[in-house]
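Structure first, commentary second.
What follows draws every value from the coordinates through simple rules; no lab data is involved. Computed from a predicted structure; not experimentally measured. Every residue, glycine as well, gets a Cβ built from its backbone with ideal geometry; the counts of neighbours run over all protein chains shown.
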Amino acid sequence: MRDNGQPIISIDHVSMRFNLAKEKHESLKEYFIALLHGGVRFDEFFALSDVSLDIMPGDFYGLIGLNGSGKSTLLKIISGVYKPSSGKVTVRGTIAPLIELGAGFDMDLTARENIYLNGTVLGYTPKYIDSKFEDIVEFSELRDFLDVPLKNYSSGMVARLAFAVATMTKPDILIADEILSVGDFLFQQKCEKRMAELMSGGTTVILVSHSIEQIERMCNKVAWLDHGHLRRNGPTAEVTTEYRHFEKKDSIPADRETSN
Amino acid sequence: MQTIKNYFAGFWRYRYLLQNLITRDFKLKYRRSVLGVAWSILNPLLTCLVMFLVFDAIVRGLRGEGIPNFAAFLLIGQLLFNFFRESTSMAMESVLKNAPLLRKVYIPKYIFPMEKVCFALVNCLFSFIALIIVLVITRTPVTFATAWMALYPLIMLFFFGLGIGLILSALYVFVRDIMHIWEVFCTLLSYASAIFYDPDMMVESVQRLIHINPLYWYITAFRSCVIWGEGLTVSMLVVCFFCAALSMVLGIVVFKKNQDKFVLYM
């Protein structure tokens, strides 16, 4: 799989269209009232328009762009949460998604119970989690709090646990959405180290970050999204230099469509 | 064919998640209660006692004379109906309730309604202990040769509830009114399911109405096996299976058609 020069993720002319929630009809009554008032209107907004990108095995890809440029949407399409409105994404390998840490946690359960729950959310077997349990506890440094319900944890502690669970395995692809902004600086260093370790084991990483320094330090390639358009894509230094000189007035407006 | 195979492979991969979610629900349901799991048995027992007192003592005329082993008759109707009500109403909310998770990680979405129906089944199985207690106390004769056949209507009811749960959970994402409508509809259904009366005592037109209610068939088939010692008739076999199959097919079609849109509405 790694030898034949095939990209591990191919993003092929992907667009993602959202109905803007100007009028969201959550009950029949609201819907019918809207119908009587001259039809239900849909304002369509393209979070991504015609994005094509190939990610090769072993790449450390950075995604940059202003708020609302479609970075998270792209990550969610890659990890299978969203289905693109058009275009196709092919993923050749297993994905460990780190999109907002602790998504699968239940705050009423203890850390021990959550490790198993979240592990199975990611599709691992209990036996496998058993074998990784010590590593997780070790990495998260939460041994003394294993049997405390998560609602009594600080947000940094939750993040530590979640990062440890998500990286318990060696996935082919690791998707990280601004996760490194949580936790203290020592833990951030630890996370970066773990990600570098995974990379040396052949894992492909996609990282979203607002810290250009961090991107420059860690990534070998960068894709720059601007209102859903792929603006630049290539080796880190080239893209980030241009990104630093970017001004708001230069940005490409997002595609829109209005229909009745 | 290949997609069906993929579907099962996906399900197999997430079987532990299903198991973990059921355990979680069970733990959280009884956390901080002194009697804990005992409530699974006590609750139907006490509810049944209340209903028994009401229907046996106060309005005896309404249910008609001559239902033998009324306590067991009542409890079976009550337990099975509760199983159905619980599984469908919990399944309905399950997809939306797990929105935070579904927005971030890919999980087959049907896991959630399925988990709720399984959880309701576990609860129902626990409450069968209450049924056994009532059968013993009231010295209701149980024919073991037919009693095991009660598994058939129970399993079919599981699939009937699962199919409807899938439909409701999909609709609920788009239109929240469904919850209120379903609640009222369930109340209506409970009176039409012959839980506390003998349907044969009713006027013909009412009887016909009761007979088109699938729940009546599941409950009656179960009673027939456990307390009447008559086993299953052909029409029971057919109706129980047909309703379950129809509900599952509709459920899968509706759910599959809409599941990609869920994330956009949550």
1/(1 + (r/R0)^6) with r = Cβ-Cβ of A:His13 and B:Ile129, R0 = 51 Å, i.e. FRET efficiency to nearest 0.05, evaluates to 0.30
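Rounded, prolate or oblate: which fits the protein assembly as shown, taking a ≥ b ≥ c as square roots of the Cα gyration tensor eigenvalues, rounded meaning a/c under 1.5, else prolate when a/b beats b/c? Before the final figure, lay out the partial values.
Working: a/c = 2.69, a/b = 1.91, b/c = 1.41.
It is prolate, given that a/c is not under 1.5 and a/b is the larger ratio.
Return a whole-number percent for the relative contact order of chain B, with Cα pairs under 8 Å and 6 or more residues apart as the contact set. Display every interim value, and only then the final one.
Numbers: 309 pairs, mean separation 69.4, N = 266.
It rounds to 26 percent for chain B.
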Measuring from its Cα centre, the protein assembly as shown shows a charge dipole (+1 at each Lys and Arg Cβ, -1 at each Asp and Glu Cβ) which, in debye to the nearest 20, is 440
Collect residues whose amide H, placed 1.01 Å from N in the peptide plane, falls under 5 Å from the amide H of A:Val222; neighbours closer than 5 in sequence don't count.
-> A:Gly62, A:Gly234, A:Thr236
Charge dipole (region B:2-265, unit charges on Cβ, about Cα centre) - positive-most of B:Val122, B:Gln78, B:Ile133 = B:Val122
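How would you rank B:Tyr218, A:Tyr116, going from fewest to most other Cβ atoms within 10 Å of each one's own Cβ? Each step should come with its number before you reach the end.
Numbers: B:Tyr218 29, A:Tyr116 22.
Sorted ascending by nearby Cβ count, the order is A:Tyr116, B:Tyr218.
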Relative to chain B, whose Cα atoms define the longest principal axis, helix B:70-97 and its Cα axis are tilted in degrees, nearest 10, by 10
Sort region A:62-184 into rounded, prolate or oblate with this rule: let a ≥ b ≥ c be the square roots of the eigenvalues of the Cα gyration tensor; rounded if a/c is under 1.5, and if a/c is not under 1.5, prolate when a/b is larger than b/c, oblate otherwise.
-> prolate
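What ranking do A:Met157, B:Met201 get, fewest neighbouring Cβ atoms within 10 angstrom at the top?
Numbers: A:Met157 19, B:Met201 15.
Sorted ascending by nearby Cβ count, the order is B:Met201, A:Met157.
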Tilt relative to chain A, helix A:185-200 - C-alpha long axis, 0 to 90 degrees, to 10 | 90
Against the longest principal axis of chain B, how steep is helix B:178-191, in degrees 0 to 90 to the nearest 10, with axes from Cα atoms?
-> 20
In nm, give the distance between the simple-model label positions of B:Arg15 and A:Glu138, each being 7 Å from the Cα along the Cα-to-Cβ direction.
-> 3.1
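Is chain B rounded, prolate or oblate when judged by the Cα gyration tensor, a ≥ b ≥ c being the square roots of its eigenvalues, rounded requiring a/c under 1.5 and prolate requiring a/b larger than b/c? It would help to have the intermediate numbers written out before the result.
Values: a/c = 1.85, a/b = 1.62, b/c = 1.14.
Prolate, because a/c is 1.5 or more and a/b exceeds b/c.
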Cross-chain or 8 or more residues apart, Cα under 19 Å: how many lysine pairs in region B:2-265 fit that? Count them up, please.
-> 16
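Counting other C-beta atoms within 10 Å, which of B:Ile155, B:Ile67 has the fewest, and how do the rest follow? Don't skip to the answer; put the middle values down first.
Values: B:Ile155 14, B:Ile67 17.
So the residues, fewest neighbours to most, are B:Ile155, B:Ile67.
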